[in-house]
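The values are calculated or read from the model by the stated rules, or taken from the named source; none is laboratory data. What you see is a predicted model, and the numbers here were worked out from it, not measured in a lab. For neighbour counting, all protein chains shown are included, and Cβ atoms are generated from backbone atoms with ideal geometry for every residue, glycine included.
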Amino acid sequence: MATQTVSHPLVRWVSRNWVYLVLGLICLVLLFPIVYTFITSLQPRGFGLSRQLFREGIYLGHYEQLFSTPRFMRNILNSAINSLGGALTTTTCCALAGYAFSRMRFRGRRWLLFALLGMIMLPGIVNLIPLYRLSSDLLRAVPNGITIIGDVSAKQAVNYLLLIAVYGAFGIPFGVWVMKSFYDSIPRELEEAAFVDGATTLQALMRVIIPISLPGLVAVFLTNFVFNWNDFLTASILIRSDELKTATVGLLDFQNQLTGNNSELLNAASILIMVPGILIFLLARNAFFRGFIEGAVKG
């Protein structure tokens, strides 16, 4: 008669929940730098994590100093302008191009889709030298001394538009594929009903298809906003004025010129730079996941 081995309750629990344990461990590894940075930012200068935590209470002086530093706040504003502008450009282009690839049949359609797929695989760094040359030529062609709005010169406005255009173009290949897959999952009968009522193709797209595909548009917008906000390399190459530097580029100068040995202040600046992207993702996370599930998976 075979004997049945009785395993320990802890072993049985681990065997049933090992996936959650592995995922929890991965989350801890990924979250540790953020938690470390946040706790350090709440310590006075020179304390770090080498002494008793919060021995003198939570210290908010670093955040007060950052909010009172015009240069740092200007970097945050520049990141918001460039990230929002680039994400809106990408979302608009992908909404139109994805619909064309999904609903229309034209010569070269298949090859264009494969070309977009190839552009997704292309490393972004290979474009930096041509973009640098293009931006240099454009900025040299803009005359000096021309002011457009307030204290923004013509060169600065061109630099804004150039970075927004580059950010918008970077996200188009991936966004077009996401939106095409999302449009493919929408029944054509909805558009045909709109055509029967006398709507044009553009009216059917704006009044029928776009409201249904809003989760997909949110997913494209959010993905590109976070990418644009976190970008360092492209912004550091294309931005020529100190007043136009984004938060990630300005953080490097902030480290070298303003903080000195104050690592706690630098950690506080890093936390503030994280906040906008995290907040936008938390507010739009439901539409984000729904967009990728209904679009990319069904397609």
Just to be sure, is ALA157 of a type outside the set (Val, Ile, Thr), at pLDDT below 85, touching a strand residue (DSSP E or B) at 6+ places or on another chain (Cβ under 7 Å) and assigned to a helix (DSSP H, G or I)?
-> yes
Do we find a residue being within 22 Å of the chain's Cα centre (by Cα) and closer than 30 Å to ARG74 by Cα anywhere in region 172-194?
-> yes
If we scan region 179-192, do we find a residue that is of a type in the set (Gly, Ala, Ser) and touching a residue at least 24 places away in the same chain (Cβ under 8 Å)?
-> yes
Which of (1) at pLDDT below 80; (2) in a helix (DSSP H, G or I) does LEU23 not meet, given it meets every other one?
-> (1)
Pick from region 36-82, criterion among the aromatic types (Phe, Trp, Tyr) and modelled with pLDDT of 85 or more, ranking: farthest from ALA157 (Cα to Cα) | TYR36
What are the residues in region 83-139 that are basic (Lys, Arg) and modelled with pLDDT of 90 or more, if any?
-> none
Condition check for ILE125: touching a residue at least 60 places away in the same chain (Cβ under 8 Å), closer than 28 Å to PHE227 by Cβ and exposed (fewer than 15 other Cβ atoms within 10 Å of the Cβ) = yes
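Quick check on region 239-253: of everything there that is surrounded by 18 or more Cβ atoms within 10 Å (Cβ to Cβ) and at pLDDT below 85, which residue is nearest to SER181 (Cα to Cα)?
Residues of region 239-253 that are surrounded by 18 or more Cβ atoms within 10 Å (Cβ to Cβ), as a first pass: 239, 244-251.
In the following step, the residues that additionally are at pLDDT below 85 were identified as 239, 244, 250-251.
Values: ILE239: 35, LEU244: 37, GLY250: 38, LEU251: 38 Å.
Looking at the filtered set, the residue picked out is ILE239.
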The condition of being assigned to a helix (DSSP H, G or I), assigned by TED's automatic domain parsing to the domain that holds LEU88 and either on the phi > 0 side of the Ramachandran plot or buried (at least 16 other Cβ atoms within 10 Å of the Cβ) (or both) holds, among LEU222, LEU202, LEU190, only for LEU222
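Could you please let me know if TYR132 is under 24 Å from the mean Cα position of the chain (by Cα), in contact (Cβ under 8 Å) with a residue 12 or more places away in the chain and either outside the structural domain of PHE221 (by TED's automatic domain parsing) or surrounded by fewer than 19 Cβ atoms within 10 Å (Cβ to Cβ) (or both)?
yes
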Of LEU116, LEU112, LEU138, which residue is within 24 Å of ASN230 (Cα to Cα) and in a helix (DSSP H, G or I)?
-> LEU116
Hey, THR91 hits all of (1) of a type outside the set (D, E, K, R); (2) surrounded by 15 or more Cβ atoms within 10 Å (Cβ to Cβ); (3) under 21 Å from LEU238 (Cβ atoms) but one; which does it fall short on?
-> (3)
Look at TYR99 and say whether it is over 18 Å from LEU202 (Cα atoms), assigned by TED's automatic domain parsing to the domain that holds GLY168 and in contact with a helix residue (DSSP H, G or I) (Cβ under 6 Å, 6 or more places away or on another chain).
-> no
In region 207-216, is there at least one residue being in contact with an Asp or Glu (Cβ under 8 Å, 6 or more places away or on another chain) and either β-branched (Val, Ile, Thr) or more than 30 Å from SER102 (Cα to Cα) (or both)?
-> yes
Which numbered condition trips up VAL196, out of (1) over 27 Å from ARG285 (Cβ atoms); (2) touching a helix residue (DSSP H, G or I) at 6+ places or on another chain (Cβ under 9 Å); (3) of a type in the set (A, V, I, L, M)?
-> (2)
